[in-house]
Each structure stands twice: as structure tokens, then as C-alpha cells.
Amino acid sequence: MRRKIRHKRVRRKLSGTKAIPRLFVFRSNRYTYVQLIDDEGGRVLFSGFTGSAEFKDKIKNTGNIKAANELGKFIAAKVKDKGVEKIRFDRSGYKYHGRVKAVAEGAREGGLVF
């Protein structure tokens, strides 16, 4: 419940455009999910999660910090092919530590700027 309240508060100030999309992070007990969203157009530009077929070959355990870091690098590589280099990071009301921080650091290592 508290996470949803924090998420609404952050979303009032944070939105993505086609030039600078929003990188949305969701974590469950088993997987970590990310989406690149254009809020103006109402479209998801790219999405991925640690259990997807192309990503699952790289990592065994899908719900840990190492997998989240690799997911950030994977997303950065895919998005840079589409010409996006700047993003806005939406942590979805989660505290900035653990898997959420690992996704952000992996995306920065992959070359995304935020």
C-alpha cells in the first residue's frame, strides 16, 4: 500500500516522451520487469524481464541483484539500437536499493544517461 502511494506521488512529476522515455521497473519475488514508456503517445516502446527467452540463457537465478544488473545492460543495448540514449528512471515507489538500484546501474553501464 505505501509503495503505491509513493508511486503515485512520483508519477505526478515524472513522465516520458518519445525522445526521453520513462524506464519503469517492477519487481516480483521471482522476476524483475522493465518497460520503456512514451507517456505522451501512450505506448510501450520496449519491455523485458529476467524470465524472457533471450535473457534466460545468460543467467540462472532470475530474482537476484546480478540478474537485475544484467537486465539493465540488456535493456540499454536493445534501446540504444533504437536510437534512445536519455531516459527518465521510474523506480515505481520502491526504495532505491537492491534490484532496483542494480537495474539502474546496469542501464548506466550500458550507456543510458539519466
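Values quoted throughout were computed directly from the atomic coordinates according to the rules given, and no laboratory measurement underlies them. Every value quoted in this text rests on a predicted model; they were computed, and no experiment measured them. For neighbour counting, all protein chains shown are included, and Cβ atoms are generated from backbone atoms with ideal geometry for every residue, glycine included.
Observations
- Taking the C-alpha atoms of the range 48-114, convex hull volume expressed per residue in Å³: 81
- Lysines whose Cα lies under 16 Å from that of Lys56, excluding same-chain neighbours fewer than 8 positions away: Lys66, Lys73, Lys78
- Across Arg88, Arg12, Arg30, mean-square fluctuation computed from a Gaussian network of the chain (C-alpha pairs under 10 Å connected) peaks at Arg12.
- Segment Asn61-Arg108, extension gain: residue separation times 0.36 nm, minus the distance between their alpha carbons: 14.7 nm
- Among Gly63, Gly48, Gly83, the largest mean-square fluctuation in a Gaussian network model of the chain (Cα springs under 10 Å) belongs to Gly83.
- log10 of Debye I(q)/I(0), alpha-carbon scatterers only, for the chain at 0.13, 0.17 Å⁻¹: -0.44, -0.76
- Nearby lysines by direct alpha-carbon distance to Lys13 (threshold 21 angstrom, same-chain neighbours under 8 apart not counted): Lys4, Lys86, Lys95, Lys101
- Relative contact order (%) - criterion: Cα under 8 Å, at least six apart; region: the chain: 30
- Across the range 69-86, computed HN-Hα scalar couplings (Karplus, 6.51 cos²θ - 1.76 cosθ + 1.60, θ = phi - 60°) run 5, 5, 5, x, 5, 4, 5, 4, 5, 5, 6, 5, 5, 8, x, 9, 10, 10 Hz from first to last residue, x flagging Gly and Pro.
- Fewest-first sequence of Val100, Val113 by Cβ atoms within 10 Å of each Cβ: Val113, Val100
- Residue order, fewest to most surrounding Cβ atoms within 10 angstrom, among Glu54, Glu70: Glu54, Glu70
- Were the residues from Arg12 through Ser28 laid out at 0.36 nm apart, the gain over their Cα-Cα distance would be 3.4 nm.
- Between the amide H of Leu45 and those of Leu36, Ile37, Asp38, distances stay under 5 Å, these residues lying 5 or more places away or on another chain, with hydrogens modeled in the peptide plane.
- As a proxy for reagent exposure, Asp90, Asp39, Asp81 were ordered by neighbouring Cβ count within 10 angstrom, fewest first; the result is Asp81, Asp39, Asp90.
- Once backbone amide H atoms are built at 1.01 Å from N, Ser92 has Val25 as its partners under 5 Å, excluding neighbours fewer than 5 places away on the same chain.
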